[in-house]
1. Once phi is turned into θ = phi - 60°, what whole-Hz ³J(HN,Hα) does the Karplus curve with 6.51, -1.76 and 1.60 give for every residue of the stretch 20-32, x standing for Gly and Pro?
2. Full extension from Trp19 to Arg3: what is 0.36 nm times the residue separation minus their Cα-Cα distance, to one decimal in nm?
3. Run the numbers for Ile11 and Trp67: contour at 0.36 nm per residue of separation, minus the present Cα-Cα distance, in nm.
Amino acid sequence: MARPIARWGVILGLGALWWWAVLRLALAPEAGALEAAVAAGGWGLSLLPVHCVPKARAVGAVDPRRWAEAWRRGRPTKASPHRRSDAGSAPS
């Protein structure tokens, strides 16, 4: 019971801090870098995905062992390597 209450307290506190920073930036001529950083940080957090699921339950997720196996084998593709800048030009 205490965990959800504490979580909501933190969420509401950070939301109030963000709104304070945004309103101060908009209305107060002496607003500075602190308010801008808080407002930008809160906006950046809003860009994070909120509908995340564990990789094991995600549709179309690739098994991590498959990636590890490809890494151990070396070159997982048969594509030709990039030329180095000092390798010279290709024959015409």
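1. 4, 5, 5, 5, 5, 5, 6, 10, 9, x, 8, 5, x
2. 3.3 nm
3. That works out to 16.4 nm of additional length.
Every read-out reported here was derived from the displayed coordinates using simple, explicitly stated rules and does not represent laboratory data. All of these numbers come straight from a predicted model, not from anything done at the bench.
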